[in-house]
Amino acid sequence: MRVFVTGATGNIGSRVVKELIAADHQVIGLCRSEDKAAALAAAGAEVYRGLITDSDRLKEGIARSDGVIHLAFNHDFSKFVQNCEDDRRVIKALGSALAGSDRPLIVTSGTPIANTVPGEPAREDNATFGSDINPRAASEEAAAAVAAEGVNVSVVRLPQVHDPVTQGLITYVIELYREKGVCAYVGDGLNRWPAAHVLDVAQLYRLAIEKAEPGAKYHAVAEEGVPVRDIVETLGRRLQLPVKSIAPEETQSFFGWLAMIAAHDMPASSAQTREKLGWKPKSHGLLAELEMLEVPSRQ
């Protein structure tokens, strides 16, 4: 299969590219910067220069592919709502380029949009929040819109995706803790975050596009829910910073934009995904990864 990958040079995208090539697929990787193009080419992909916002350029690249994996997303979370709406427009353009064919489109979302049953893990077939409640749902709303036009689209929902260098939103939490000089959790810290290693996530994307099941929802979840207090206590040891609990009313002032996740209980199941795809994550868990994290100590 010849796969067009957006976000091909990102932390997840670069692993997806290698996973696809290792499985004898060909990859066309969308790339906007010269410095990252060399690494993409070295991985064995065809470098396709362009911007995710250039719909004509996207259509030209997609016309040469057998399927699309969409991973590009602006991770400037100070503009999260705008970024999600931008992603809606990109998915519409991708769908337009694939209309009239059975070629699969895999789009990316997040497991929290399916945390609609309090205290229960998000499941693949749960009802989901709309973008008026969780802005990230804009991507799935766009996927549903292009599916209604006959596009073969499925969704991969991500948890906290980690490796020795980055840990999803926890990367930003680490920066905040170093700035504040203290590691904090809200209340008893027993709210849970799901997680998966980036190599396992890359494998799931490959399996998803190979199966190409219209309308499928997949959860890239290796660990259903890691207690936030355990995460914070681990970071406290690694950063050599004190750990404390803060009251719920302090969440916004301490965490800023990260308050949207700091106190949320967001467990997620991947039981249906594992059964459908035969996916068996096998890499390090989140806490083990954080214990190995090379973080400079406080000066």
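The values are calculated or read from the model by the stated rules, or taken from the named source; none is laboratory data. Keep in mind it's a predicted model, so treat the numbers as computed, not measured. Positions of Cβ are generated from backbone atoms using ideal geometry, with glycine treated the same way; all protein chains shown enter the neighbour counts.
Residues in the stretch 56-82 that are closer than 24 Å to residue 161 by Cα, touching a residue at least 24 places away in the same chain (Cβ under 8 Å) and assigned to a loop (DSSP other than H, G, I, E, B): 71, 72, 73. Looking at the stretch 268-281, can you tell me whether even one residue there is buried (at least 17 other Cβ atoms within 10 Å of the Cβ) and modelled with pLDDT under 95? Checked the stretch 268-281: no residue is buried (at least 17 other Cβ atoms within 10 Å of the Cβ) and modelled with pLDDT under 95. Considering every residue within the stretch 132-141, establish whether at least one is without any contact (Cβ under 8 Å) to a residue 24 or more places away in the chain and not assigned by TED's automatic domain parsing to the domain that holds residue 66. Looking through the stretch 132-141, none of the residues is without any contact (Cβ under 8 Å) to a residue 24 or more places away in the chain and not assigned by TED's automatic domain parsing to the domain that holds residue 66.
Scanning the stretch 262-276 for residues that are in a helix (DSSP H, G or I), more than 19 Å from residue 231 (Cβ to Cβ) and either among the small types (Gly, Ala, Ser) or in contact (Cβ under 8 Å) with a residue 60 or more places away in the chain (or both) turns up 271, 272, 273, 276. Looking at the stretch 1-43, which of the residues that are assigned to a helix (DSSP H, G or I) and among the small types (Gly, Ala, Ser) is surrounded by the fewest Cβ atoms within 10 Å (Cβ to Cβ)? Out of the qualifying residues, it is 42. When every residue of the stretch 167-174 is checked against the conditions, none turns out to be more than 14 Å from the chain's Cα centre (by Cα), outside any strand (DSSP E or B) and farther than 15 Å from residue 256 by Cβ.
Out of 194, 214, 159, 227, one residue alone is within 23 Å of residue 6 (Cα to Cα) and in contact with a Gly (Cβ under 8 Å, 6 or more places away or on another chain). It is 159. Going by what's in this entry, would residue 253 be described as of a type in the set (S, T, N, Q), out of contact with any Cys (no Cβ under 6 Å at 6 or more places or on another chain) and in a loop (DSSP other than H, G, I, E, B)? Against the criterion (of a type in the set (S, T, N, Q), out of contact with any Cys (no Cβ under 6 Å at 6 or more places or on another chain) and in a loop (DSSP other than H, G, I, E, B)), residue 253 does not qualify.
Just so you know, in the stretch 230-251 the residues that are in contact with a Gly (Cβ under 9 Å, 6 or more places away or on another chain) and small (Gly, Ala, Ser) include one that is nearest to residue 180 (Cα to Cα), and it is 245. Checking each residue in the stretch 148-166 for being touching a residue at least 24 places away in the same chain (Cβ under 8 Å), more than 21 Å from the chain's Cα centre (by Cα) and on the phi < 0 side of the Ramachandran plot picks out 149, 151.
Tell me, yes or no, whether the stretch 234-247 has at least one residue that is surrounded by fewer than 20 Cβ atoms within 10 Å (Cβ to Cβ), out of contact with any helix residue (DSSP H, G or I) (no Cβ under 9 Å at 6 or more places or on another chain), part of a helix (DSSP H, G or I) and outside the structural domain of residue 148 (by TED's automatic domain parsing). Within the stretch 234-247 (the criterion being surrounded by fewer than 20 Cβ atoms within 10 Å (Cβ to Cβ), out of contact with any helix residue (DSSP H, G or I) (no Cβ under 9 Å at 6 or more places or on another chain), part of a helix (DSSP H, G or I) and outside the structural domain of residue 148 (by TED's automatic domain parsing)), the answer is no, since none of the residues qualifies.
Checking each residue in the stretch 105-120 for being in a helix (DSSP H, G or I) and touching a Pro at 6+ places or on another chain (Cβ under 8 Å) picks out only 111.
Going through the stretch 255-267 one residue at a time, which ones are surrounded by fewer than 17 Cβ atoms within 10 Å (Cβ to Cβ) and farther than 14 Å from residue 194 by Cα? Listed by number, the residues that qualify are 256, 257, 259. For the stretch 183-199, the condition of being part of a helix (DSSP H, G or I), in contact (Cβ under 8 Å) with a residue 40 or more places away in the chain, touching a Lys or Arg at 6+ places or on another chain (Cβ under 7 Å) and not β-branched (Val, Ile, Thr) holds for at least one residue.
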